[in-house]
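There's a structure below that I have some questions on.
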Amino acid sequence: MKKTNSNLSRRSFLKVTSLSGGGMMLGISWFASAKPEDSLAELNIEPVWQEVTSFVKINTDNSIKIFSPNPEFGQNVMTSLPMLIAEELDVDWKQVEVEQGNYDPKAFPRQFTGGSQSIRMAWKQLRTVGSAARQMILTAASQAWNLPVSELSTSNGMVTHAFSGKSETYGTFAAAAAKLPVPKDIVLKGNESFRLVGSPQKNVVGPKIVQGKPLFGLDYREPGMLIAMTERPPAFGMQLKSFDATAAKKMPGIVDVFAIKVYQDDHKFAGFDTRSFNEVIAVVGKSTWDVMNARKKIKVDWEVASEKKEMGMNHRENIVPSGLESTKKHYAQMLEMDKKPGKIERRDGEPEKAFAEAKHVIERTYTAPFLAHNIMEPTNTFAHFVGDKVRFVAPIQIPDMMVPSIVARLGIPRENISIELVRMGGGFGRRAYGHYMIEAALISKQANAPIKLIYTREDDVSGGIYRPSYQLTYRAAFNENKQLIAFHAKGGGVPESPLHANRFPAGAIDNYLAESWVIPSNITIGAFRAPRSNFNAAAEQSFLDEISEYMDKDPIAFRLELLQRAKDNPVGKTNDYDPSRYMGVLALVRDKSGWGKSENAGKKRGVSAYFCHNSYAAQVIDLRVNGEQVTVDQVTTALDCGVVVNPEGAKNMAEGAAIDGIGNALFGQLTLTDGRTDQRNFDTYRMIRHNEAPKKIDVHFVKNEIDPTGLGEPPFPPVFAAVANALYKATGKRFYQQPFQPQLIG
Amino acid sequence: MIKKYSLNINKKVHQVEADENIPLLWVLRDNLGMEGTKYGCGVGSCGACTVHLNGQAFRSCLLPISALAGTEITTIEGLSANGDHPVQKAWVDLDVAQCGYCQSGQIMSASALLKNNPNPTEEEIENFMSGNICRCGTYSRIKKAIQLAATK
């Protein structure tokens, strides 16, 4: 199959295997040395897989099982990924049973949940799986009936010969199909022929969820399993000095108490190895309650850690500073950094000269605090270490990224690691960092028992891997006609910069300067739904609102004007965004929200738009303010993520993004005093609740034929600024510091 | 102190030997293997562990076993035989869940609300449900599902 129209690698081919029950199983793989004439027998050798893969099983009774390869954390890929296969396979969706694939890099090389990439990466690959299986069924039917394939058709899992009226199930031909060579040319449907893709389908796990079935890692148990928790430093910047577990070990149900080191001192840190504390005290016992109680009895001496150098991959040295850090000091440090020259990330035209000659300059500084992920299912993992093998049942977004670290820490071969993937009770980036798997394996090894490691909510909130604290200062220069002549973005954070120098409005303004800086910190940070974008959008889209007001322009018209410039005559060589798609969501949200219509004149509304993760989103938010209470009456979201595979799931995600964004914009903050987080549970960390959610959310998709470009993250970042801009309309006050709601008090 | 307790859960009597301070949440999950009731915060602030105690919604993480004598406890496993309680059906019909972790608790709160107030106003729904956090942000769908279940 050298030539297909599915854009797969030339070395790719499909793999068929017979099932013991007489059905067929089809996967897609990328074989290093595949030849077009490879037969089934040759395909049975151990493959080397390189990219996305998935399986479909067809049984003789015509039941269809489709494996969903990617970890599921609520983005509903367990429904939408199998839909891609079922579409091309031409089966009735009701025939299909979906099962979560376990970690298996040979079968499923891209088991990655993050970056809004699941559907985008699977779009052609999984459809190819479905199409190939359908073609093989057709060939088998043609041979059985001695009729040309061209006279046969498929529908809803049936093969039909229209002239004779013959009709049989796929299952009838599955065994014969499994013995056929893989087709050389695989044709995918044109978008106009989709029947399942684009039709709203319910979450396939919905009925189990509403019955509280044990779907999650925290629900896992097996005979002989013990419970483990870890006692860790009370503050960032502290480490274990010594401990006395005599009393704790005497507590009921306690099996052992010991210290573990998550990584060795010479560990080369890869991208997802982040952990809050390296040395922790493990408490192992018979039940959660026993372990919780025993934790309180450990006598521990913690000490302030000295500066550390940690080796990253590529021999990059990362400095982890000493000290007990505080939010107040972080904000002061960030203001200091803003006064110093930053690292120049982009420079178009002559920004310094333009600012010097400007008739008017507007400068505003935006800040945001750390945010905790607050995944509803606290961090956990089951591990059983036996001999030189370890078996996990783990909620993990990117298992493949953790395996090398597990290999390095436990000194066992890669093939001795098995991971059962379980549904995750939220992720948002937090479960990309699987240090807890290493902790669980080490504890199981030392305790010589199967264990389930559980973090309490306090452990999760106070020892997290947070969204960094950021600051961005924007300056806009105007000439005597109030025309925008120069733009300057200078941003940084603790400990990373949020700046995306090549995103809008870069490309739309002749004189442009972008600078970044960072402040080293021992507070651990990581990906949080739309990393960096979630702050950039908040700051940039608030600033554009404010300068459009100075320029006496409508906020949407002003943005469209800038985008038109970027489209017609872009400044600079590298602009990361497509101005047309950007304009598309702005126009859609304008029309759907009735922006500028006289009947909406009294509404306090704000608009915002942003591009990230290959997709475009815009929101208009209508709200009211009464004292310190904000009531959001309506959110109108416009989204361009290309073809929408499952509109029901997609709408749910976009609605959730609006609520998540409003909650974090108004209330979200993780602050620190002397290295200790001021929030430790939901009684102190304010989350948005039912009575604070928008009264109405409308989601509209731009209809186009663009291959899917991602959905989970893009509708989240613009929400923050839409809230800020609406709050300005409601209060006459601009909001520069997140969270906004505390500024309404007093 | 370890004592013997007799608990009436989902119309069945369970004998449990446990510490007198252990919250019902951990009795259900660890002692009885009923994992539909979820752990979210342990301090009664998120509602993931909501059960019915004599027909009223309670946070099981705050209910010590010693306080449960003579009460009728219902968990998500006992809400219906086959997941066909009107609230559960409405949840499926309106495709409420994202990650789904908080939904047991949301459903237990919603079913308690409707039991005591069959036709709640929007405001009553919002206020009653405000003890249940959904991190994925499915609040709008939850409200619609409760309104749908109220018509059944």
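The values are calculated or read from the model by the stated rules, or taken from the named source; none is laboratory data. Values in this document were obtained by computation on a predicted structure and should not be read as measured data. Here Cβ is always computed from backbone atoms with ideal geometry, including for glycine, and neighbour counts include all displayed protein chains.
Give region B:1-47 a look and list any residue that's among the polar types (S, T, N, Q) and over 15 Å from B:LEU68 (Cα atoms), or say none.
Passing the criteria: B:ASN31, B:THR37, B:SER45.
Test A:ILE398 against the criterion of being in the same structural domain as A:MET292 (by TED's automatic domain parsing), modelled with pLDDT under 95 and either in contact with a strand residue (DSSP E or B) (Cβ under 7 Å, 6 or more places away or on another chain) or not small (Gly, Ala, Ser) (or both), and give yes or no.
Judged against the criteria, A:ILE398 is a match.
Scan the strands (runs of 3 or more DSSP E) fully inside region A:355-417 and keep the ones with 2 or more residues being basic (Lys, Arg).
Those strands (runs of 3 or more DSSP E) span A:389-394.
Residue-wise test of (1) part of a helix (DSSP H, G or I); (2) among the small types (Gly, Ala, Ser); (3) modelled with pLDDT of 95 or more.
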residue: A:GLY427; (1), (2), (3): no, yes, yes
residue: A:TYR436; (1), (2), (3): yes, no, yes
residue: A:ALA440; (1), (2), (3): yes, yes, yes
residue: A:TYR470; (1), (2), (3): no, no, yes
residue: A:THR473; (1), (2), (3): no, no, yes
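Of the residues A:ALA259, A:ALA247, which single one is out of contact with any helix residue (DSSP H, G or I) (no Cβ under 8 Å at 6 or more places or on another chain) and in contact (Cβ under 8 Å) with a residue 40 or more places away in the chain?
A:ALA247
Across region A:499-535, which residue is surrounded by the fewest Cβ atoms within 10 Å (Cβ to Cβ) among those that are within 18 Å of the chain's Cα centre (by Cα) and of a type in the set (A, V, I, L, M)?
A:ILE525
Okay, moving on. Which residue out of A:VAL182, A:VAL197 is within 29 Å of A:ILE119 (Cβ to Cβ), surrounded by 14 or more Cβ atoms within 10 Å (Cβ to Cβ) and modelled with pLDDT under 95?
Only one candidate qualifies: A:VAL182.
Determine, yes or no, whether A:ASP265 is in a loop (DSSP other than H, G, I, E, B) and of a type in the set (D, E, K, R).
yes
Something else about it: Can you work out which of the residues in region A:133-159 that are among the β-branched types (Val, Ile, Thr) and assigned to a helix (DSSP H, G or I) is surrounded by the most Cβ atoms within 10 Å (Cβ to Cβ)?
A:ILE137
Only residues that are surrounded by fewer than 24 Cβ atoms within 10 Å (Cβ to Cβ) and either facing chain A (nearest Cβ under 7 Å) or among the small types (Gly, Ala, Ser) (or both): list them for region B:67-85, please.
Matches in region B:67-85: B:ALA67, B:ALA69, B:GLY70, B:GLU77, B:GLY78, B:SER80, B:ALA81, B:GLY83.
To continue, here is another question. Out of the strands (runs of 3 or more DSSP E) lying entirely within region A:273-331, which hold 2 or more residues that are surrounded by 19 or more Cβ atoms within 10 Å (Cβ to Cβ) and aliphatic (A, V, I, L, M)?
Those strands (runs of 3 or more DSSP E) span A:279-285.
Out of curiosity, is A:ASN146 within 29 Å of the chain's Cα centre (by Cα) and not hydrophobic (A, V, I, L, M, F, W, C)?
no
Right, another one. Scan region B:86-101 for residues that are more than 7 Å from chain A (Cβ to nearest Cβ), surrounded by 21 or more Cβ atoms within 10 Å (Cβ to Cβ) and free of Cβ contacts under 8 Å to residues at least 60 places away in the same chain and report the count.
2
Search region B:50-66 for residues that are surrounded by fewer than 21 Cβ atoms within 10 Å (Cβ to Cβ) and pair each with any residue that is basic (Lys, Arg) when their beta-carbon atoms are under 8 Å apart and the residues are at least 6 apart or on different chains.
Close Cβ pairs (under 8 Å, with a partner that is basic (Lys, Arg)) amount to B:GLY55/B:LYS115; B:SER66/B:LYS3.
Residues that are at pLDDT 80 or above: list the strands (runs of 3 or more DSSP E) wholly contained in region A:17-103 that include at least 3 such residues.
Filter on region A:17-103 gives A:64-68, A:96-100.
Cβ-Cβ under 7 Å, sequence separation 6+ or interchain: first residue in region A:507-518 and of a type in the set (S, T, N, Q), partner in a loop (DSSP other than H, G, I, E, B). Which pairs?
Cβ pairs passing all conditions: A:ASN511/A:GLY349; A:ASN511/A:GLU350; A:SER516/A:GLY342; A:SER516/A:SER497; A:SER516/A:LEU499.
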